[in-house]
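Single-structure report; data block below.
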Amino acid sequence: MHNPLSVVSLDPALDIDPQLERAADAPLVPSNGITRGKRLRTLRTLARIRRQLRRALRDIRSALQLTRGAVARDCGIDTAKYAQYERGKRAPSLAELIGLCEALQTTPNVLLGYELPAVPSAGDNQ
């Protein structure tokens, strides 16, 4: 018997399976085990790290009396890209983070907010 409520298309390959229709109406349960709450906590943590990185880059660069261009050059990246890091518009790759640490004479823990900085003085830059 034909169900008059089923979706029928001109192409039989596009007909929707009734079991799939019921599955589509079911509440979404993530297959990877990540709940909405866990995802929100992760997003909040990433936002906090990005804010910390932005502040640390600016503060340490200022303490060392370096320009954005000088830090970018030492890291081997474009000045505009570095400026995006300082504004929090972009996050560095792991390799770029290591370059930033070397250029700013600090550690990833300090830049990411897991350790209080020992801000270097301008005299240490020589």
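The values are calculated or read from the model by the stated rules, or taken from the named source; none is laboratory data. Computed from a predicted model, the values in this text were never measured in an experiment. Here the Cβ is made from the backbone with ideal geometry for all residues, glycine too, and neighbour counts use every protein chain on show.
A few points about this structure:
- Scanning segment 42-74 for residues that are hydrophobic (A, V, I, L, M, F, W, C) and closer than 16 Å to residue 92 by Cα turns up 46, 47, 49, 53, 56, 57, 71, 72.
- Filter pass, residue 87 being out of contact with any Gly (no Cβ under 7 Å at 6 or more places or on another chain) and modelled with pLDDT of 95 or more: no
- Qualifying residue in segment 25-44 (condition: in a loop (DSSP other than H, G, I, E, B) and either at pLDDT 90 or above or on the phi > 0 side of the Ramachandran plot (or both)): yes
- Tally, over segment 56-86, of residues that are within 19 Å of the chain's Cα centre (by Cα), assigned to a helix (DSSP H, G or I) and surrounded by 14 or more Cβ atoms within 10 Å (Cβ to Cβ): 9
- Among the residues of segment 87-118, those identified as of a type in the set (Asp, Glu) and either in a helix (DSSP H, G or I) or under 18 Å from the mean Cα position of the chain (by Cα) (or both) are 96, 102.
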